[in-house]
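Here is the structure we will look at, set down as structure tokens.
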Protein chains: 2
Amino acid sequence: LEIDHVGILVADLDRAVRFHVEALGFTESFREFVADQDVEIAGLCAGESYVELLRAQSDDSPLTRFLGQAQTKLHHIAYRVADLRAALAECSSRGIAAIDESPRRGARNSLVAFLHPKSTNGVLIELCQRD
Amino acid sequence: LEIDHVGILVADLDRAVRFHVEALGFTESFREFVADQDVEIAGLCAGESYVELLRAQSDDSPLTRFLGQAQTKLHHIAYRVADLRAALAECSSRGIAAIDESPRRGARNSLVAFLHPKSTNGVLIELCQRD
């Protein structure tokens, strides 16, 4: 199991990208809008992984509530799996609930599903299958 | 820049390790006590990165306050650098403050330093040089 990406919520996407590129030395690898999550994502290349900076577009999304008054906050960690449907079936057989019972499209055309925080003791964990 | 590790605070280290190993399929790679942070760390292998599960030993540590009533919470993200002293000097020259102005020993005998959250817009970022 590898880290596919770490999702960091930010209030100001351009500012957050600038900090990571100019101050830390990252390369911006992609920027896209994921409609069904209503979120703009800037992806920074980190070896085999990514840092995904997430900017919620709507004021009443769960992401905006999670961020609260903070400028940036760690939001989720995504683990890469070879076969997401099989991984979800395995989780289900172990009693681990998922928010997404079947895969949906994430950034970079990947397939993603979030596990339910009640099944992970709180941390938001995403499983991710690369395109 | 690569992700060296993601630090996840947990209230119950054995339980958190069991979840990651049995339910998610991780391998426990190391467990150690870092005295100057008063924290027990279980490291899970994630490709070239680690997931570090952190259990504060004292009830009045900043880590315990950060965790609050939660069972688990994402705490920090650590980026791997080749030369930590040079990276800290570069950060300083760009006006980025560090909590640790000089490197100290972290897990796996690595050299680590935390940047100051006021300079990173909130997320706790660690720079890490492997042994």
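The values are calculated or read from the model by the stated rules, or taken from the named source; none is laboratory data. On a predicted model such as this, the values are computed, not experimentally measured, just so you know. Cβ: placed from backbone, ideal geometry, glycine included. Neighbour counts: every protein chain shown. The accessibility values were calculated without ligands, DNA or RNA, using every heavy atom of the protein model including side chains. Shrake-Rupley method; radii C 1.70, N 1.55, O 1.52, S 1.80 Å.
Every condition in (1) open to solvent by 80 Å² or more (accessible area, probe 1.4 Å); (2) within 13 Å of the chain's Cα centre (by Cα) is met by B:His75 except one, and the failing one is (1).
Return yes when A:Val81 is open to solvent by less than 10 Å² (accessible area, probe 1.4 Å), touching a Leu at 6+ places or on another chain (Cβ under 9 Å) and not charged (D, E, K, R) and no when it is not.
no
Can you go through B:Glu22, B:Glu40 and tell me which one is modelled with pLDDT of 95 or more and out of contact with any Pro (no Cβ under 6 Å at 6 or more places or on another chain)? Walk me through how you get there before you give the answer.
Details: B:Glu22 fails: modelled with pLDDT of 95 or more.
When all the criteria are applied, what remains is B:Glu40.
For the stretch B:8-18, the set of residues classified as buried (at least 22 other Cβ atoms within 10 Å of the Cβ) and either without any contact (Cβ under 8 Å) to a residue 12 or more places away in the chain or outside any helix (DSSP H, G or I) (or both) consists of B:Ile8, B:Leu9, B:Val10, listed by residue number.
This table checks each residue for (1) surrounded by fewer than 22 Cβ atoms within 10 Å (Cβ to Cβ); (2) hydrophobic (A, V, I, L, M, F, W, C); (3) touching a strand residue (DSSP E or B) at 6+ places or on another chain (Cβ under 9 Å).
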| position | (1), (2), (3) |
| --- | --- |
| B:Glu22 | yes, no, no |
| B:Glu40 | yes, no, yes |
| B:Ala70 | yes, yes, yes |
| B:Ala87 | no, yes, yes |
| B:Ile96 | yes, yes, yes |
| B:Arg105 | yes, no, yes |
| B:Pro117 | yes, no, yes |
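Within the stretch A:26-81, the residues that satisfy the criterion of being small (Gly, Ala, Ser) and within 22 Å of A:Gln129 (Cβ to Cβ) are A:Ser29, A:Ala35, A:Ala42, A:Gly43, A:Ala46, A:Gly47, A:Ser49, A:Ala78.
Screening B:Cys91 with (1) open to solvent by 10 Å² or more (accessible area, probe 1.4 Å); (2) at pLDDT below 95; (3) farther than 19 Å from B:Arg15 by Cβ gives one miss only, at (1).
Give me the strands (runs of 3 or more DSSP E) completely within the stretch A:31-131, filtered to those with at least 2 residues that are within 14 Å of chain B (Cβ to nearest Cβ), in contact (Cβ under 8 Å) with a residue 12 or more places away in the chain and of a type in the set (Val, Ile, Thr), ordered by residue number.
A:72-80
Which members of the stretch B:1-11 meet the condition of being within 8 Å of another protein chain (Cβ to nearest Cβ) and acidic (Asp, Glu)? Once the filter is applied, which keeps residues that are within 8 Å of another protein chain (Cβ to nearest Cβ) and acidic (Asp, Glu), the stretch B:1-11 yields only B:Glu2.
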